[in-house]
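The values are calculated or read from the model by the stated rules, or taken from the named source; none is laboratory data. Since the model is a prediction, treat every value here as computed from it, not as a measurement. Cβ coordinates were reconstructed from backbone atoms using ideal geometry, including for glycine residues, and neighbour counts include every protein chain displayed. These accessible areas exclude ligands, DNA and RNA; they are computed on the full protein's heavy atoms, side chains included. Shrake-Rupley method; radii C 1.70, N 1.55, O 1.52, S 1.80 Å.
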Amino acid sequence: MASFKYAGFLQHNDSTAFDALLAPGTIAHNSGIYRCGACGDEIAANKNNPLPPQNHHQHAPGVGPIRWQLIVFAVQRN
Ligand SMILES: [Zn+2]
């Protein structure tokens with residue numbers, strides 16, 4: 001699970017960007033931390049770059065496919 005120390009550096013946000021379950025290789029529309037909804041693996045991704053591919057990590061049979069979900073995005077200033 002993603003962790004932080006200082007709550008003042010994060011703020012709650014109801015953006016629908018957090019609701020999408022993205023297939024491997026999908027272009028990330030936000031820089032930030034993404035979590036695999038099936039196994040909980042977490043990665044950092046950069047805006048406009050593809051999320052990790054299908055072979056990034058393996059799931060045991062029955063766990064389901066890799067689906068990346070945005071959990072924290074970075075706010076970039078210009
Ligand atoms: Zn996974």
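Values as computed for the structure displayed
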{"read-out": "Count of region 24-78 residues which are touching a strand residue (DSSP E or B) at 6+ places or on another chain (Cβ under 6 Å), in a loop (DSSP other than H, G, I, E, B) and more than 16 Å from the ligand (Cβ to nearest atom)", "value": "3"}
{"read-out": "Residue in region 15-33 that is more than 12 Å from the chain's Cα centre (by Cα) and on the phi < 0 side of the Ramachandran plot present", "value": "yes"}
{"read-out": "Subset of region 58-75 [within 14 Å of the chain's Cα centre (by Cα) and open to solvent by less than 70 Å² (accessible area, probe 1.4 Å)]", "value": "I66, W68, Q69, L70, I71, V72, F73, A74"}
